[in-house]
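Encoded as structure tokens, the structure appears first; notes follow it.
Where a number appears in this text, it was derived from the coordinates with a stated rule and is not lab data. What you are looking at is a predicted structure, and each value in this text was computed from that prediction instead of being measured. In this analysis, Cβ positions are derived from the backbone assuming ideal geometry, glycine residues included, and neighbour counts consider all displayed protein chains.
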Amino acid sequence: MALLQISEPGMSAAPHEHRLAVGIDLGTTNSLVATVRSGVATVLADELGRPLLPSIVRYHADGRVDVGYAAQAKQAVDPKNTIVSVKRFMGRGLRDVAHVENAPYDFVDAPGMVQVRTAAGVKSPVEVSSEILKVLKLRAEASLGGELAGAVITVPAYFDDAQRQATKDAGKLAGLNVLRLLNEPTAAAIAYGLENASEGIYAVYDLGGGTFDLSILKLARGVFEVVATSGDSMLGGDDFDQRVFCWAVEQAKLSPLGPRDMRQLLMKSREAKEYLTYHGEAPITVRLSSGDVVDLSIDTETFCNITQTLVRKTLGPVRKALRDAGLTVDDIKGVVMVGGATRMPQIQRAVAELFRRDPLNNLDPDKVVALGAAMQANVLAGNQPTDQDWLLLDVIPLSLGIETMGGLAEKIIPRNTTIPAAKAQEFTTFKDGQTAMSFHVVQGERELVADCRSLARFDLRGIPPMAAGAARVRVTFQVDADGLLSVTAREASTGIEASITVKPSYGLSDAEIERMLRESFEHAKEDVHARALAEHRVDAQRLLDATRSALAVDRALLAPRELEAVENAVRALEQVLTANDARAIKQATDALNRATEEFAERRMDEGIKRALAGKKIGSL
Amino acid sequence: MHNHFDLFGLAPAFALDAAALERRYREIQSQVHPDRFAHAGDAERRASLQWTTRVNEAYRTLMDPVQRAKHILELHGIDLGFETNTQMPAEFLVQQLELREELEGAVTGKDAEALDRMRSELAANRKSLERQIGEAIDSRKDYAGAAGLVRKLMFLHRLDAEIEAAYEEVE
């Protein structure tokens, strides 16, 4: 598999060449891929013209994998090997997963993230998700006729760090260059805002298959600013199915069901829920493996009664987001409805009642997230002229903190802080001669560590022995534009520095990703080295393109000798680019990166000066 | 330390032209934001991340009255060190205790309206304190005097956060 068409050395890609970039909505129930073609965002359909890909993966004993409709068709026949709603398990331990008893899987409680034993071996949710992403990648490449330069993958705004990291890992495992993780309601706001040229304060109410998000955004010309976000990452359309399922079990007085019967009845429960959106009554008929037949009928009133606590559960986060934003419902200009579950009439009514206005339903709630992601991918790939692009300011949904004495969580970066963000805090030793300190990084709003999500634990060693309280350990939290956290700790009082950087442990280590990649190659009979070579070439080509266009604009910022050094590094990389030596390409790429560090700094300074001089970006 | 006002080309003052600050913040972000460098090399992406982080921090500091006042006082060599130096007038402390009792009462009584009432009274008190801080810093250049007022404002901010958290127990 070649990852790009390699141009001849010296024949750089034209500066305004269109890079193939897609937006992917990796949903609990369905996934979609979209792109911007001739300035218009479009969802890419499969060869049968179907835009949605059911997020269902079936593993065969011989290693074959079915994804989408083929897997969906067999979910009741082969429930243990057919994984549905895998998004619910991303970055989650077994004890965090709701309705375990109603899921027909053979769970394995692995450290960090739950796994599932299938006919093809034990699979992590990251691997399962990557199968879905691979299919969408192939679909996009077939329909666009080329290799993808990058992808934006959407995540629920209320996803914590572990869930985000798992999603990014799945993207990498699928061979995607993940340009950005984008929050789903934010993606919807981009699509909605651009479509309708909206300005003002909007709320996005996004009830998907497994997650609920509520984001409040300020829309102005060229700016999308998230003011506050809230939600529940364990609440979605699936829970409404579960309520119908439990109601049916109770009504038909069924004894505990086997995996196949369970899956059948769940499917019928979902169908009944969907039917009730347009009808007053829905049948639930299932022939069980015992030969018994369940024959029930559920009416709208019963459905509303058994699900009203779920509907109410979405309203708390709405109020919280409004309070966080310092706003009342009267300040909201419109409520954009996103996610298939918002089709339910009782949801529409509850939202209308709370906001005292009719919600906005003029975009397809299934597609709007993928379309917004495609638009953002187009900007990130550099395809959008700079005077027509926009600034996107998003926030972290949950506070990030550290455990202190007594099991209390001290917040370092509060929720709704605009990202990227960093914050440092100093800690000290509490025993004489203490040479190590343990840190526990947590995420959540509660005071007790036990009530927050544990992200990572790490030790800082090599602190010089000192009296208690004399050491000064500075812990820095950095959240990047994907909303992903890295933590650094450094002892600085003596000038001796001991530092460590941790990525939260729910994400997979690079070694694990490599192992999974190797396994998937063994199956696909691909060559790991060929892939590494292709990937290094993509990175190298991207850096060359970026450096050339930077030199074209800001060459004057470099002294002649500095310019020569950069140009030499460019030439050195060009020379190794066509050779089949992955390591040489990597080394020359790293060298060019180092050679352009100072240049990058000066270009940023220059950008800020230009901004303060009040020049319009378009006129530069 | 960084002077956050310089970054936006503003004169350091407690009175703030929020619209001008927001405009400049957005202009700078549109130059340095990581979305502009998603396809660039490592060096540019790293520089962009660092700058954006700093610009966000500066903007957040200046938009928040407590942080803005603390920053101005720090620029004048006054560190509020609020954890260690909390000698407040007794009368003020008694008042704070009473407010917290009122808050507890509202929580036990599941009284969301009482919370709303407390919040709007608090907002009025904060406004008046902010006015006094502005006069102390901008007109009288009385930084030591301003420090006492800022500490009071910090108390009110913390109370506001507690009221905010209480809503979740009441709902």
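For A:Tyr69 and A:Asn361, the difference between the fully extended length at 0.36 nm per residue and the C-alpha to C-alpha distance is 102.4 nm.
Taking the average, over residues, of other Cβ atoms within 10 Å as the packing measure, peptides A:594-607, A:275-288, A:360-373 rank A:360-373, A:594-607, A:275-288 from highest down.
Taking a ≥ b ≥ c as the square roots of the Cα gyration tensor eigenvalues, with a/c under 1.5 meaning rounded and otherwise prolate when a/b beats b/c, else oblate, which class fits the protein assembly as shown? Oblate, because a/c is 1.5 or more while a/b does not exceed b/c. If R0 is 56 Å, the Cβ-Cβ spacing of B:Leu97 and A:Glu597 corresponds to a FRET efficiency of close to 0.55. Top mean-square fluctuation among B:Val66, B:Val107, B:Val94, Gaussian network model of chain B, C-alpha springs under 10 Å? The residue with the greatest mean-square fluctuation here is B:Val94.
Once you reduce the stretch A:318-337 and the stretch B:152-168 to the center of their Cα atoms, the two points are 20 Å from each other. Subtracting the Cα-Cα distance of A:Val108 and A:Ala197 from their residue separation scaled by 0.36 nm leaves 27.2 nm.
Cβ-Cβ distance of A:Ser38 and A:Val77, R₀ of 30 Å, FRET efficiency by 1/(1 + (r/R0)^6): the value works out to about 0.10. Counting only alpha carbon atoms, the long axis of helix A:161-173 and the longest principal axis of chain A meet at about 80°. Computed over chain A, the per-residue total of -39500 (n - 2.57) for DSSP H runs of n ≥ 4 gives a 222 nm mean residue ellipticity of -12000 deg cm²/dmol, rounded to 500.
The modelled label-to-label distance for the pair A:Val293/A:Arg457, using points 7 Å beyond Cα in the direction of Cβ, is 5.7 nm.
Take each residue in A:541-548, count the other chain C-beta atoms within 10 Å of its C-beta, and the mean is 3. Pairing the Cα long axis of helix A:237-251 with the longest principal axis of chain A, what angle in degrees results, from 0 to 90 and rounded to the nearest 10? In chain A, helix A:237-251 runs at an angle near 20 degrees to the longest axis.
With angles folded into 0 to 90 degrees, how steeply does helix B:18-32 sit against the dominant principal axis of chain B? Use alpha carbons for both and round to 10. The answer is roughly 40 degrees. Roughly how far apart, in whole Å, are the Cα centres of the stretch A:207-270 and the stretch A:541-603? The stretch A:207-270 and the stretch A:541-603 have Cα centres separated by 49 Å. For the stretch A:93-232, the tally of Lys pairs with Cα-Cα distances below 29 Å comes to 9, considering only residues 8 or more apart or on different chains. Per-residue shielding of A:592-603, expressed as the average number of other chain Cβ atoms within 10 Å of the residue Cβ, stands at 5. Peptide B:51-64 shows a mean partner chain C-beta count of 4 within 10 Å per residue C-beta.
Rounded to the nearest whole Hz, the Karplus-based 3J(HN,Hα) values (6.51 cos²θ - 1.76 cosθ + 1.60, θ = phi - 60°) of the stretch A:267-284 follow the sequence 4, 5, 5, 5, 4, 4, 4, 5, 4, 5, 5, 10, 10, x, 8, 9, x, 10, with x at glycine and proline. Checking the a/c ratio against 1.5 first, then a/b against b/c, what shape does the Cα gyration tensor give for the stretch B:17-171? Verdict is oblate for the stretch B:17-171. Here A:Ile496 and A:Glu410 are evaluated by their C-beta separation; at R0 = 25 Å the FRET efficiency comes out at 0.45. Taking Lys and Arg as +1 and Asp and Glu as -1, the other residues whose beta-carbon sits under 10 Å from that of A:Val395 total -2. Averaging the Cα positions of each part gives two centres, and for the stretch A:68-144 and the stretch A:404-475 these lie 35 Å apart. The Cα trace of the stretch A:26-144 gives Rg and Dmax of 15.2, 49 Å, the first to one decimal, the second as a whole number. Sequence-ordered 3J(HN,Hα) estimates for the stretch B:120-131 from the Karplus curve with 6.51, -1.76 and 1.60 and θ = phi - 60° stand at 6, 5, 4, 4, 5, 4, 5, 4, 5, 4, 4, 5 Hz, glycine and proline given as x.
Ranking A:Ala569, A:Pro414, A:Ala157 by how far each Cα lies toward the positive end of the dipole of the protein assembly as shown (charges on Cβ) leaves A:Ala569 at the top.
Restriction of the trypsin sites (Lys or Arg not before Pro) in the stretch A:420-505 to DSSP coil positions whose beta-carbon has at most 16 other beta-carbons within 10 angstrom yields A:Lys431, A:Arg446, A:Arg461, A:Arg472.
For the stretch B:4-63, what value does the Rg/Rh ratio take when both radii are computed over Cα atoms and Rh is the Kirkwood radius, given to two decimals? Taking Rh as the inverse mean 1/r over Cα pairs, Rg/Rh reads 1.04.
Rounded, prolate or oblate: which one fits the stretch A:527-619, using the alpha carbon gyration tensor with axes a ≥ b ≥ c (rounded when a/c is under 1.5, else prolate when a/b beats b/c, else oblate)? Prolate is the answer for the stretch A:527-619, as a/c is 1.5 or above and a/b outweighs b/c. Summarising the strand pairing of the protein assembly as shown, around 80 percent of its internal DSSP beta bridges are antiparallel. Summing Cβ point charges (Lys, Arg +1; Asp, Glu -1) relative to the Cα centre of the stretch A:400-507 gives a dipole of roughly 60 debye.
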